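What follows is a single structure, written as structure tokens, with notes after it.
The values are calculated or read from the model by the stated rules, or taken from the named source; none is laboratory data. Nothing here was measured: the structure is a model prediction, and the numbers come from that model. Reconstructed Cβ throughout: ideal geometry from the backbone, glycine too, with neighbour counts over all protein chains shown. Note: areas computed on protein heavy atoms with side chains; ligands, DNA, RNA excluded. Shrake-Rupley method; radii C 1.70, N 1.55, O 1.52, S 1.80 Å.
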Amino acid sequence: MTPLIRCEGIWKIYRRSRSSEIVALSDINMSVHKGSITVIKGPSGSGKTTLISIIGTIERPTKGTVYIEDRALTELSDIALSRLRRRRIGIVFQDFNLMPRLSAWENVSYPLIPEGIKTYERKKRACELLEMLGLEGRYDHTPEELSGGEKQRVAIARALINNPDILILDEPTSNIDSKTAMEIIDLIRKLRMDGKSILICTHDGQLLSDADHIYTLHKGKIIDDS
Amino acid sequence: MRMLNIFLAAANSLTRHRLRTGVIVVCLVVILCPFVTALSILEGVKRQALVSVNEGADIYVTMDMYGRNGMIPMEYAKEIEKIDGVIKAVPRVISRIYVEGRIAVLLGIPISEIGQSVSFIKGSLPEEGEIVIGKGLAEALGLDIGSNLSLGIRVTAIIDHSPFILKEVYRVSGIFDSDTSIWTSDLILANIEDAISIYEMEDFVSDIAVYVKQGKVVSVTDEIQKLNAFFRIQSKSLARRYIQRGFNRKGGIFIVLYTFAFVLAIPVILVVSGTGLSERKKEIGILKATGWQSSEVLQMVFFENILIAMISAPLALILSFIWVKLFNGIFIAQMFIAEVGAMAPFKIPALFLPTSFLLSFFFSIMLSLVGSIYSTWRTTIVPPAEVLR
């Protein structure tokens, strides 16, 4: 079966000066299949976040190519990459990256603004998603009025607002309590059932047990592929 | 709909960052307000000058003296009046004069002509040995109707090169109303015989103002020139052209100087609009990561600047209107009207033209755009992950 996402020879090198450079990723080859949960695990600083950022098209590799359905991302323009992120990829950041001055529903609906959807419709869609994620009555709260778990769910709702087929989550259970973490894991399972392809960076054993494929990263290299 | 959405997002962004928006608006208003005020005063003075020319004579005749205006024998007034098409020829003495160390303008015309200015005068017309003075002069010297004023004339004895000052005392018979043109503020109006005797220039006047029937200016000009080849003739249209050229030059110099000030203000705006820059950068990173295109982010910032200009420019206009109308252009009028202190003794003329508003709107957009669009563009071209890191 052709993988949905394919990484070929991905390198990421951060150059600090002419003589100093950090190799964050070296020669990464991996794939993500449609409707699967793929997990990338590894210790801190192993390059997990860099890898999913490259796959999520918010970071460019120094060398190598990411393919989504055989379409090389390196050949895409900035506009095409933005369109891809808007329509097909939802990203949930480890530290949520919510806009502090916006309410929960506004944070969720912001990606719909350039789509030309009316405010009323945007709010309706955002509130439906928030309700589905158990945040009814919290629509008008700003991030600082929400708990860690609630912020996580707002971030997930934002990632899902455009109904993408690829969902990328960076440590989705690391900043929340165990009860909320279980709810998030249940949600991820449900999303997989809905046919979404999910790529997760995590240490969480529960999530690892749900994974269809696990890649272990160490010092920027894949050391295990199971 | 997409544009409207982005526009509304921009408006929302401004209200969310109230402090930042407020500081930028205040900075822009502080920069724009003197600009709009100065332009309006400049236009007001220019209009008043043009009105004075339009209401004045059609032709002014002097003698050519070393390429400049020189005195003209008064007898020519009668000869000019005989020319076909001439309504009247009025001899005038017009000169700078020193009053208690202050420069004023002395205008001497026949008493019959002074009568036409009576509506502007508080008091009565000047008889022999009497004068009418401007309100500015009256206030500065503490004069009222009935007061005596000694006028000093700097006279240079050409032969022995030793200057001396003549002094004569005149009675103030009237004061020009403050609502008349700014030119009357420091004016001393006397009958022509007195004016001539002040300067001891018997039978000579500064110029002859000629009023002509409609359509006869060219033929009358030709006829006047035939009277004396050394006549220097200036028509109303030429005076209008001189005034317009002078004011346009003044306005142009002012705009150029102010543009320099604007350029210097840009770093200030950059620093101010950089307030909350890290938050703004993060916002842009989030927008890009969630699928906004760089052009859409730039559109939002552009709309923000349009909105800021739409707030700042009218605010600057309102404040400059208050500055001129309520505070009579205090501290700024002296830059455009000669011999006026910080507080002008007369009503400062001001004209608010749409071009002033458009210019301030344009400068407002330019300033705020320069302060924000470049840094936004720089952020949008960086991969979102790098911005969010």
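For segment A:1-60, calculate the relative contact order in percent as a whole number, restricting contacts to Cα pairs under 8 Å that are 6 or more residues apart.
Values: 71 pairs, mean separation 18.9, N = 60.
RCO, segment A:1-60: 31 percent.
Using only side-chain charges placed at the Cβ, +1 for Lys and Arg and -1 for Asp and Glu, the dipole size of the protein assembly as shown relative to its Cα centre rounds to 2360 debye. A P(r) calculated from all alpha carbon pairs of the protein assembly as shown, with 20 Å bins opening at zero, reads 16, 31, 18, 15, 15, 4 percent. Here's the picture: charge each Lys and Arg Cβ at +1 and each Asp and Glu Cβ at -1 in the protein assembly as shown, and of A:46, B:208, B:291 the one pushed furthest to the positive end of that dipole is A:46. Contact residues in segment A:81-97 (at least 30 Å² less accessible area with all protein chains than alone, 1.4 Å probe): A:82, A:85, A:86, A:93, A:97.
The stretch between residue B:128 and residue B:381 holds 82.8 nm of extra length on full extension. This uses 0.36 nm per residue minus the Cα-Cα distance.
Using the Karplus relation 6.51 cos²θ - 1.76 cosθ + 1.60 with θ = phi - 60°, the per-residue 3J(HN,Hα) values for segment A:121-130 come to 5, 4, 5, 4, 5, 5, 5, 4, 5, 4 Hz, with x marking Gly and Pro. For segment A:144-226, what is the Kirkwood estimate of the hydrodynamic radius, computed as the reciprocal of the mean inverse distance between distinct Cα atoms, to one decimal in Å? Computed over Cα pairs of segment A:144-226, the Kirkwood hydrodynamic radius comes out at 13.7 Å.
Rounded to the nearest 500, the helix-only mean residue ellipticity at 222 nm of chain A stands at -9500 deg cm²/dmol, with each DSSP H run of n ≥ 4 adding -39,500 (n - 2.57). Once Lys and Arg get +1 and Asp and Glu get -1 on their Cβ, which of A:94, A:80, A:199 lies farthest toward the positive end of the dipole of chain A? Farthest towards the positive pole: A:80.
As a test of the definition: with a 1.4 Å probe, what buried accessible area, both sides summed, do you compute for B against A, in Å² to the nearest 100?
On the way: alone 20520 and 11290 Å², together 29280 Å².
The contact between A and B buries close to 2500 Å².
Here the spin labels are modelled as points 7 Å beyond Cα on the Cα-Cβ line, and at residue B:47 and residue B:69 they lie 2.5 nm apart.
Which net charge results when you count Lys and Arg as +1 and Asp and Glu as -1 among the other residues whose beta-carbon is under 15 Å from that of residue B:68? Intermediate values should be presented prior to the final figure.
Details: positive: B:96, B:232; negative: B:64, B:207.
Once all neighbours under 15 Å are counted, the net charge is 0.
Scattering from segment A:1-115 was approximated by placing one identical point on each alpha carbon and applying the Debye formula without solvent; log10 I(q)/I(0) at 0.15, 0.16, 0.22 1/Å stands at -0.79, -0.88, -1.33.
Rolling a 1.4 angstrom probe over the protein heavy atoms, how many square angstrom per residue are accessible across chain B? Walk me through the numbers on the way to the answer.
On the way: 19240 Å² over 389 residues.
On a per-residue basis, 49 Å².
If you place +1 on the Cβ of every Lys and Arg, -1 on the Cβ of every Asp and Glu, and leave all else neutral, what size is the dipole of segment A:74-226 about its Cα centre, to the nearest 20 Debye? Don't skip to the end; give the middle numbers.
Numbers: 22 positive and 25 negative charges, 111 e Å.
Charge dipole of segment A:74-226: 540 debye, to the nearest 20.
Just order A:139-150, A:42-53, A:212-223 by mean Cβ neighbour count inside 10 Å, highest at the front, would you?
Values: A:139-150: 15.2, A:42-53: 20.9, A:212-223: 17.8.
Averaged packing, sorted descending, gives the order A:42-53, A:212-223, A:139-150.
Computed per residue of chain B from DSSP H runs no shorter than four, each worth -39500 (n - 2.57), the mean residue ellipticity at 222 nm is -17500 deg cm²/dmol.
The shape of segment A:71-202 comes out oblate: with a ≥ b ≥ c from the C-alpha gyration tensor, a/c is at least 1.5 while a/b does not beat b/c. Residue A:193 sits among other residues whose Cβ lies under 14 Å from its own Cβ, and their net charge, with Lys and Arg +1 and Asp and Glu -1, is 0.
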